[in-house]
Amino acid sequence: MPVAFEKNRQMDLKFMDPTMRVFRSTPPPGNKDFLAWLDKVQAKKHQRWEELGIFDAIQLSRIAHRVYPSMLLVSIFFWEGSTNTFYFPCGMMTPTLFDMDSITGLSPLGEIFNPTLPTEMEFNFGNATITKYILEHHIKDSTKVYNEEHLAFLTYWLSYYLFCHGSLQIAKSYTPMAIQIHEGRKISLGKLLLVYLYQNLGLAFLRLKHLHETTKQLSLSGPYWLLQHWLNVTFESHIGFTISPAILEFMHDRRVEGIKLALQTP
């Protein structure tokens, strides 16, 4: 068992207050501007996304990834970074590549992402604030999706909805990945997403451990929506969520578990 905190150390647990938004990078639900943009780009790129294995993961951005901060924070106390596992009373457990596939539809197979690979295109943007970025790159007066608009959409989705970068702006560091996806490379996003979750859990554990030494404000970033889904399915019998017939009808053609798991958030 990992020894996270000394027995006699007193901790200020004000950050457990549910009114505090600890996970600031989790996208809020119902972004109408994004959904309108998604509908337009998907109408032209649906088949392409299917071929690249990212269609289902993009569809998850349509639903509200509700997170339960107290549940996530408590789970972080059980994280051990040296083994990338949770040390629960029932034993060692961790999200796996198979979980990535079943929850998001992102296959563990594919190319290893190499940001230094030469590409045929370039994409640069100035205003990276979340709202203004969509207004600048969503071309509403045409149904055609130009290469630059597709690259802008992929960069936005990767930064804000998939990896949940900590900044309140769209991260330019995801542009090389967006370009390679646009050019047809089947990047193993499932592996990248899992590693990024591991990395952020390790950082979150250290911040919790040393919280009293730095600041009492806690702000965590990363794909915690994915951790929430994994916790939901792992401890499904303890959540006590009942799926209504209406929801079952809504999910009858789903191909990934993420939609159901989002509804199960306690």
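Things worth noting here:
- Per residue of the chain, the DSSP helices (runs of n ≥ 4 H) give a summed -39500 (n - 2.57) that works out to -13000 deg cm²/dmol at 222 nm.
- Centre separation in Å (Cα based) which lies between region 33-91 and region 145-212: 11
- Carbon + sulfur, % of accessible area of the chain - ligands and nucleic acids excluded, 1.4 Å: 55
- Across region 141-181, the mean sequence separation of Cα contacts (distance under 8 Å, 6 or more residues apart), normalised by length, yields a relative contact order of 41 percent.
- Remark on ILE187: its backbone amide H falls under 5 Å from those of GLU111, a criterion applied only to residues 5 or more positions apart or on other chains, H modelled at 1.01 Å from N.
- Within the chain, longest stretch clear of exposed GluC sites (Glu not before Pro) (DSSP loop, no more than 10 other Cβ within 10 Å): 123-266
- ILE76 - accessible surface, heavy atoms, 1.4 Å probe, Å² rounded to 10: 0
- Membrane-span-like helices in the chain, defined purely by DSSP H runs whose alpha carbon atoms cover 24 Å or more axially and whose average Kyte-Doolittle hydropathy reaches 0.0, are 189-209.
- Counting only protein heavy atoms and using a 1.4 Å probe, the accessible area of THR85 comes to about 20 Å².
- Of the residues ILE179, ILE58, ILE139, the one that moves most in a GNM of the chain with alpha-carbon contacts below 10 Å is ILE139.
- In the complete set of protein chains, residue-level accessible area for TYR198 is approximately 40 Å², probe 1.4 angstrom.
- Debye-sum result for region 146-217 in log10 I(q)/I(0), which assumes one identical scatterer on each alpha carbon, at q = 0.25 Å⁻¹: -1.13
- The relative contact order of the chain, computed from alpha carbon pairs under 8 Å that lie at least 6 residues apart in sequence, is 31 percent.
- Max mean-square fluctuation residue, GNM over the chain, Cα-Cα springs under 10 Å, options THR131, THR104, THR94: THR131
- The stretch between LYS140 and ALA64, if pulled fully straight at 0.36 nm per residue, gains 24.9 nm over its current Cα-Cα span.
- Partners of LYS209 within straight-line reach, counting lysines whose Cα lies under 20 Å from its Cα and excluding those fewer than 8 residues away in the same chain: LYS7, LYS14.
- Ligands, DNA and RNA are left out, and with a 1.4 angstrom probe the accessible area of region 165-215 is 46 Å² per residue.
- Taking all protein chains together, HIS165, HIS238 sort by accessible area into HIS238, HIS165, largest first [probe 1.4 Å].
- Residues whose amide H falls under 5 Å from that of PHE23, counting only those 5 or more places apart or on a different chain, are LEU220, with hydrogens built in the peptide plane.
The values are calculated or read from the model by the stated rules, or taken from the named source; none is laboratory data. All values derive from a computational prediction rather than experimental measurement. Cβ sites come from the backbone with ideal geometry, for glycine too, and all protein chains shown count toward neighbours. SASA here: full protein model, heavy atoms, side chains in, ligands and nucleic acids out. Shrake-Rupley method; radii C 1.70, N 1.55, O 1.52, S 1.80 Å.
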